[in-house]
1. Inside the stretch 1-20, can you point out the residues that are open to solvent by 50 Å² or more (accessible area, probe 1.4 Å) and assigned to a loop (DSSP other than H, G, I, E, B)?
2. Do any strands (runs of 3 or more DSSP E) entirely within the stretch 21-121 hold 1 or more residues that are at pLDDT 95 or above and small (Gly, Ala, Ser), and if so, which?
3. Can you tell me which residue within the stretch 23-57, out of those that are closer than 17 Å to residue 90 by Cα and small (Gly, Ala, Ser), is surrounded by the fewest Cβ atoms within 10 Å (Cβ to Cβ)?
4. May I ask you to list the residues in the stretch 87-121 that are over 19 Å from residue 67 (Cβ atoms) and open to solvent by less than 60 Å² (accessible area, probe 1.4 Å)?
5. If we scan the stretch 58-76, do we find a residue that is surrounded by 16 or more Cβ atoms within 10 Å (Cβ to Cβ), touching a residue at least 40 places away in the same chain (Cβ under 8 Å) and of a type in the set (A, V, I, L, M, F, W, C)?
Amino acid sequence: QVQLVESGGGLVQAGGSLRLSCAVSGSGFSINRLGWYQEAPGKQRELVARITNGGSTNYADSVKGRFTISRDNAKNTVYLQMNSLKREDTGLYYCHARVRHGSELSLFDYWGQGTQVTVSS
């Protein structure tokens, strides 16, 4: 079983910064890619940023230039540095991991419990 534990959410004023962390734990798996998703009030969960095993990154257009995703492979941890925060960044942020178990070819998706980010004006 794979577990994801997020931390770092909170309340911040517009223009401020937050750093989210997500630690991935378990045994017998290898990580294919990691990502962060936002679930804004009344909206569906959407991709914010993701990073592959090789370090390639993708960002939602709305966060380009403001957010940075990074990972520490030795710690199986992914980070999301959020700068110049806007009110529309408010929401639950979920960590996502796509992993392979042992020698299996199939990929499996796991999610964290979510961490709340609230940006006030």
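1. 1, 14, 15, 17
2. Output list reads 29-39, 45-52, 67-72, 91-101, 115-120.
3. Across the stretch 23-57, the extreme among qualifying residues is 42.
4. Once the filter is applied, which keeps residues that are over 19 Å from residue 67 (Cβ atoms) and open to solvent by less than 60 Å² (accessible area, probe 1.4 Å), the stretch 87-121 yields 99, 101, 102, 110.
5. No: the stretch 58-76 contains no residue that is surrounded by 16 or more Cβ atoms within 10 Å (Cβ to Cβ), touching a residue at least 40 places away in the same chain (Cβ under 8 Å) and of a type in the set (A, V, I, L, M, F, W, C).
The values are calculated or read from the model by the stated rules, or taken from the named source; none is laboratory data. Since we're looking at a predicted model, the values are computed, not measured. Counting neighbours? That spans all protein chains shown, and the Cβs are built from the backbone with ideal geometry, glycine included. Side chains are part of the model used for accessible areas, which takes the heavy atoms of the whole protein and leaves out ligands, DNA and RNA. Shrake-Rupley method; radii C 1.70, N 1.55, O 1.52, S 1.80 Å.
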